[in-house]
Amino acid sequence: MHIQKMNYKMKHIKQSVFLAVLLSLSAIISSYIAAEDPKELVQQAIDLMNGRSSESEATMTITRPKWTRSISMKNWSLGNDYNMILITAPAQDKGQSFLKRGKEMWNWIPSISRIVRIPPSMMGQSWMGSDFTNNDVVKRTTLVDDYTQSILGSEFIDAYDTYKIQLIPKAKAAVIWGKVILWVAKKEHFLLKAEYYDEKGKLINLETQTDIKHFGDRDLPSKFTIVPVNEKGKKTVLEFSKITFNVKLDESFFSQQNMKNLR
């Protein structure tokens, strides 16, 4: 009888110690997550993809239930405020270009020899008929400036340990999403997954970033896939074949005049 009581007490002590250790580990993990700045984590992911300056080549494939279309392009960026895109194929779109300076965006259309300003009201519209919006293409920094970020926890995505970060728009922010959730790799800092919700909390678009490759001095996802979750048979895939960082560019390159002269 005495031995049974001793065994019971030892078992109870072990359970108590295990529970105490578990609670301590949970507290440590929670404090570590709280110590990370979610806004800085999102900014790091954007900076990693943009670099101080960059030049890249990519192909975008738009899939619809009855057709598929591919668009090739070149892209130049300087920091977070300057971006230029030149469409190189197909023939009917070749020579068309897009310019972003600060929060403004323009489109050069060779067929009508006009530069068209894209107003803020159209930033949520489809870009080149794809599932990317004008906002997605040239205004990634809105995820930092126009939203309040918070860390929801940690999850593994394709063997990468990630922070799950929630973004809620600020009161007067001119954004199209009611909520965004991002998964950012803790060690590598790149974005691996994003969910975009409308103002009613309904999931609209799912974005995944896969096929990690080495570009210059860093590893990055090379394949971006956006799927409208409620529209069967639709998706857009953007694949980067080349990205060069720290190229020689200055602000004068990103001009309306230069939109017409890109090659």
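Readers should treat all values here as calculations from the given coordinates under stated rules, not as data from a laboratory. Just so it is clear, the structure is predicted and the values come from calculations on it, not from any experiment. No Cβ is skipped: glycine too gets one built from the backbone with ideal geometry, and neighbour counts run over all protein chains shown.
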* Sequence-distant residues sharing a close amide H with Ile157 (under 5 Å, placed H) -> Thr162
* To do: Just need log10 I(q)/I(0) for region 56-129 at q = 0.20 Å⁻¹, Debye formula, equal scatterers on the alpha-carbon atoms, no solvent, rounded to two decimals.
  => -0.98
* Asked: If you line up the long axis of helix 38-50 against the longest principal axis of the chain, both from Cα atoms, how many degrees apart are they, to the nearest 10?
  -> 40 degrees
* To do: Quote the Stokes-Einstein diffusion coefficient, in whole µm² s⁻¹, for region 37-259, based on the Kirkwood radius over alpha carbon pairs, a temperature of 4 °C and a viscosity of 1.567 mPa s.
  => 72 µm²/s
* Asked: How do the peptides 44-51, 215-222 rank, highest first, by the average count of neighbouring beta carbon atoms within 10 Å per residue?
  -> 44-51, 215-222
* Scattering profile of region 124-244 at q = 0.12, 0.13, 0.17 Å⁻¹ [log10 I(q)/I(0), Debye over alpha-carbon scatterers] -> -0.46, -0.54, -0.95
* Asked: How about region 157-187: which trypsin sites (Lys or Arg not before Pro) there are in a DSSP loop, with at most 13 other Cβ atoms within 10 Å of their Cβ?
  -> Lys170, Lys172, Lys186, Lys187
* To do: Would you please put 203-209, 245-251 in order of how densely packed they are, using the mean number of other Cβ atoms within 10 angstrom per residue and starting with the highest?
  => 203-209, 245-251
* **Check: region 37-259 dipole with +1 on Lys, Arg Cβ and -1 on Asp, Glu Cβ, in debye** => 660 debye
